[in-house]
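See structure below.
The values are calculated or read from the model by the stated rules, or taken from the named source; none is laboratory data. Being a predicted model, the structure only gives us computed values, none of them experimental. Here Cβ is always computed from backbone atoms with ideal geometry, including for glycine, and neighbour counts include all displayed protein chains. For accessibility, only protein heavy atoms count, side chains too; no ligands or nucleic acids. Shrake-Rupley method; radii C 1.70, N 1.55, O 1.52, S 1.80 Å.
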Amino acid sequence: MDIKENLAKNLIRYRKALNLTQVELAEKLNYSDKAVSKWERGESFPDLYVLKQIADFYEVTIDTLISEPKEILKTKPKKKIGTKRAIISLCSVGLVWLVAICSFAFMNIIFPNIVEHWHSWLSFIYALPVTAIVLLVLTSVWKKKITAAVIISFLVWTVILSLYLTLLYALPTPPAHLWEIFLIGIPLQLLVVFWSIYRKIR
């Protein structure tokens, strides 16, 4: 039995052990279900990077994946990638908001005179785009294309909101048409949509 055939049989066995469909597995690996189908039929062989990604997902070695299948699959992957990523995301976002809360508290406690002239609650507004940036970095590492597009959209609008509120409260006499700054977000949002469509097609 050759390596390609070994891999095909192992992929089927590991996938079925987790009760996953080819579509579900493809989504978790960020690949098309057609690619997964070809791997399992032995028509194509994933490159080394993808093979490592699959091995990590199933918590086995690459050697195990390409070796002759054992009769009984004794262990199931313990790692719940989705859960781990959610926890990492929540911890990262929580840290951002902890800094925002500390900034708000310290400004009000330590610098009350400055707070009279500056709206310390803006620290929570600034935390919104920072949150988006943190999540964007994480989704880029995890190669979540659709999620990244949503986060970029959120980033665009929160940056504009932050700029709008800063100018509104920082300027002695804000311009009457300051709201027009939100118009900048329209072409930027369209660019995000077109970019995400392009990545999806590619």
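Before moving on, here are some points about what is shown:
- Loop sites by DSSP among the chymotrypsin sites (Phe, Trp or Tyr not before Pro) of the chain, restricted to those with at most 15 other Cβ atoms within 10 angstrom, leave 1-117 as the longest stretch without any of them.
- Tail beyond 26 Å, pair distance distribution of the range 91-202 (Cα, percent): 33 percent
- In this label model, LYS38 and ARG85 are separated by 2.3 nm, measuring between points 7 Å along each Cα→Cβ vector.
- For the set THR139, THR147, the ranking by accessible area, highest first and with no ligand, DNA or RNA atoms included, is THR147, THR139 under a 1.4 Å probe.
- Straightening the chain between VAL137 and ASP2 buys 44.6 nm, computed as 0.36 nm per residue apart minus the Cα-Cα spacing.
- Centre separation in Å (Cα based) which lies between the range 1-52 and the range 129-144: 27 Å
- Entry comment: accessible area of the range 85-202 is 65 Å² per residue, from protein heavy atoms only and a probe of 1.4 Å.
- Span-like helix ranges in the chain, DSSP H, alpha carbon extent 18 angstrom or more, Kyte mean at least 0.5: 81-110, 122-142, 145-170, 185-201
- With contacts taken as Cα pairs under 8 Å and at least 6 residues apart, the chain reaches a relative contact order of 15 percent.
- Heavy-atom accessible surface of the chain: percent carbon and sulfur, 1.4 Å: 68 percent
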